[in-house]
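These notes concern the structure reproduced below.
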Amino acid sequence: MATVETHLSRLRTDRERWLLSASRIALLALAGWFLLARGANVSLDMRTQAGIYLFGMVALNLPYGGYEHMSNLRNRGLPVGARYLGVYLAMVAGFVALFFAAPVAGLAVAVSVAVAKGGHGGLRVLDALVGTDHLRTTPQRALAAFVRGGAVMIVPIYAWPGDFVAFSVAPHYGDLRIALGTVFAAAVAVHVGLGFHRREGLATWAVDAGETALLIAYFAVVPVVAAVGLYFPLWYSMRQSARAEAV
């Protein structure tokens, strides 16, 4: 029995490592491809990007989203499950209504949710699979989550202004872009520097810093609509699957 349990544990560990490695390789390969395409003056029109987005979010990520919700509801009983579903649907309806009534506010909410989801989820993966000994305090952990999540939305806002202007009617978008870029750059510098100063060893800090750099490069190089559409299935969901295996 002990041998079987050891073998199954090893299989789970190998699967977790494979998922983490695959997520890194996927984003690195995409960033490299789009960087070469940019050098060759090859670009994607919005229709193609939208197709990539729909494929990534519907064909690839939607099944994981269903699994994630089922995991949240499992063993919690009907009353809790009903409330969970009701709150979720109410939030979706509220967001859609807000987006139609006030597009700028809707865009702000969408960006905030993406930052929070990407940042918090990324931090949980580090906790479970890599370690976070270099993140000593709650404010430092919050900064780490902001940096990881900010890469998902703040970097594209800065790197791809034309795409966001097309979706936003905000009159001061240019000033907002510069302000967000400045805040995010400062946050990255503090996060990486403070983590290095408080590290117990190089390993966990190096993984965190390296993945942060990869996320920034990916969202700076890959067109934003395609980037977001592929980020969630190839990075977020894949890594959350690895975390689920671990915990």
Task: Criterion violated by residue 72 - all others in (1) touching a Phe, Trp or Tyr at 6+ places or on another chain (Cβ under 8 Å); (2) at pLDDT 75 or above; (3) not basic (Lys, Arg) satisfied - done: (2)
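Taking the options 196, 100, 184, name whichever one is in a helix (DSSP H, G or I), surrounded by 15 or more Cβ atoms within 10 Å (Cβ to Cβ) and not charged (D, E, K, R).
184
Could you please find all residues in region 181-212 being of a type in the set (D, E, K, R) and more than 26 Å from residue 231 (Cα to Cα)?
198, 199, 200
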TODO: Could you list all residues from region 154-167 that are aliphatic (A, V, I, L, M) and either open to solvent by 20 Å² or more (accessible area, probe 1.4 Å) or closer than 22 Å to residue 206 by Cβ (or both)?
DONE: 155, 159, 165, 166
Task: Residue check, residue 234 of a type outside the set (Val, Ile, Thr), crowded, with 17+ Cβ neighbours inside 10 Å, within 19 Å of the chain's Cα centre (by Cα) and under 12 Å from residue 147 (Cβ atoms) - done: no
Open item on the list: I'd like the full set of residues that are without any contact (Cβ under 8 Å) to a residue 24 or more places away in the chain and either of a type in the set (S, T, N, Q) or in contact with a helix residue (DSSP H, G or I) (Cβ under 7 Å, 6 or more places away or on another chain) (or both), limited to region 177-224.
Closed with: 177, 182, 192, 209
Open item on the list: Step by step: first the residues of region 106-140, then only those that are within 17 Å of residue 199 (Cα to Cα) and touching a Ser or Thr at 6+ places or on another chain (Cβ under 7 Å), then the one that is surrounded by the fewest Cβ atoms within 10 Å (Cβ to Cβ). Which residue is that?
Closed with: 133
Task: Among residues of region 112-148, those that are modelled with pLDDT of 95 or more and within 8 Å of the chain's Cα centre (by Cα), counted - done: 1
Task: Given (1) closer than 25 Å to residue 132 by Cβ; (2) at pLDDT 95 or above; (3) open to solvent by 50 Å² or more (accessible area, probe 1.4 Å), index of the condition residue 203 fails - done: (2)
Open item on the list: Yes or no: region 172-186 includes at least one residue that is in contact with a Leu (Cβ under 9 Å, 6 or more places away or on another chain), over 26 Å from residue 28 (Cα atoms) and hydroxyl-bearing (Ser, Thr, Tyr).
Closed with: no
- [ ] For residue 21, indicate whether it is modelled with pLDDT of 75 or more and hydroxyl-bearing (Ser, Thr, Tyr).
- [x] yes
TODO: Please report, ordered by residue number, the helices (runs of 4 or more DSSP H) entirely within region 103-176 with at least 3 residues that are polar (S, T, N, Q) and in contact with a helix residue (DSSP H, G or I) (Cβ under 7 Å, 6 or more places away or on another chain).
DONE: none
Open item on the list: Step by step: first the residues of region 237-247, then only those that are at pLDDT below 90 and among the charged types (D, E, K, R), then the one that is surrounded by the most Cβ atoms within 10 Å (Cβ to Cβ). Which residue is that?
Closed with: 243
- [ ] Please enumerate the residues belonging to region 201-247 that are outside any helix (DSSP H, G or I) and over 13 Å from residue 153 (Cα atoms).
- [x] 201, 247
Task: Flag if residue 56 is in contact (Cβ under 8 Å) with a residue 24 or more places away in the chain and either within 15 Å of residue 232 (Cα to Cα) or open to solvent by less than 50 Å² (accessible area, probe 1.4 Å) (or both) - done: yes
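The values are calculated or read from the model by the stated rules, or taken from the named source; none is laboratory data. Worth saying up front: this structure is predicted, and the values here are computed from it rather than measured. Cβ: placed from backbone, ideal geometry, glycine included. Neighbour counts: every protein chain shown. Note: areas computed on protein heavy atoms with side chains; ligands, DNA, RNA excluded. Shrake-Rupley method; radii C 1.70, N 1.55, O 1.52, S 1.80 Å.
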